[in-house]
1. Step by step: first the residues of region 95-105, then only those that are in contact with a helix residue (DSSP H, G or I) (Cβ under 8 Å, 6 or more places away or on another chain) and surrounded by 13 or more Cβ atoms within 10 Å (Cβ to Cβ), then the one that is nearest to residue 64 (Cα to Cα). Which residue is that?
2. Quick check, is residue 77 free of Cβ contacts under 8 Å to residues at least 12 places away in the same chain and closer than 13 Å to residue 100 by Cα?
3. Going through region 6-22 one residue at a time, which ones are farther than 13 Å from residue 46 by Cα and either in a strand (DSSP E or B) or at pLDDT 95 or above (or both)?
4. Checking residue 65 against (1) more than 14 Å from the chain's Cα centre (by Cα); (2) part of a strand (DSSP E or B), which test does it fail?
5. Can you find a residue in region 146-163 that is out of contact with any strand residue (DSSP E or B) (no Cβ under 6 Å at 6 or more places or on another chain), in a loop (DSSP other than H, G, I, E, B) and surrounded by 10 or more Cβ atoms within 10 Å (Cβ to Cβ)?
6. Taking into account only those residues within region 66-88 that are surrounded by 16 or more Cβ atoms within 10 Å (Cβ to Cβ) and touching a helix residue (DSSP H, G or I) at 6+ places or on another chain (Cβ under 6 Å), which is farthest from residue 109 (Cα to Cα)?
7. I'd like the residue in region 27-58 that is without any contact (Cβ under 8 Å) to a residue 40 or more places away in the chain and assigned to a loop (DSSP other than H, G, I, E, B) and, out of all such residues, is surrounded by the fewest Cβ atoms within 10 Å (Cβ to Cβ).
């Protein structure tokens, strides 16, 4: 482990100082593997506060990130900011406090599963692929409903037992 690593802190120094607070802006490239699309993480800011307990150190952190995302309906690119907090306890048996993994996990959970450019996004036309937020394509969608196949179905009534 390299001592000069930005997110690795020497346990004994934190303990001697009675704690440590830092604000960092690491390169987004450090955590780019967390996201499906390369370059999705545009900006990353960290606030880390180490508190010394009896036989452990508590790390309380906040991650703020700017992410490049795609709208789930129309596919347009958009940039959104997210933030989340975390805390982690490190026992005194460690020589170094490595905050990379807890930051990696917190960053990975920032991106929402479904992203919309707006609540009123009309998406893309399933026939021609035009972005319906920008143009009206004029395609006729004669798609039957999901239960259309059941329309003419006749069901036999079950016979009552004992008859």
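The values are calculated or read from the model by the stated rules, or taken from the named source; none is laboratory data. From a predicted model like this one, the values you see are computed outputs, not experimental measurements. Note that each Cβ is placed from the backbone with ideal geometry, even for glycine, and that neighbours are counted across all protein chains shown.
1. 103
2. no
3. If the condition is that a residue be farther than 13 Å from residue 46 by Cα and either in a strand (DSSP E or B) or at pLDDT 95 or above (or both), then 8, 9, 10, 19, 20 are the ones that fit.
4. Here residue 65 clears every test but (1).
5. no
6. 88
7. Per the stated criteria, the residue is 54.
For every residue, the table says whether it meets (1) outside any loop (DSSP other than H, G, I, E, B); (2) closer than 28 Å to residue 36 by Cα.
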position	(1), (2)
73	no, yes
83	yes, yes
87	yes, yes
93	no, no
111	no, yes
129	no, yes
133	no, yes
136	no, no
142	no, no
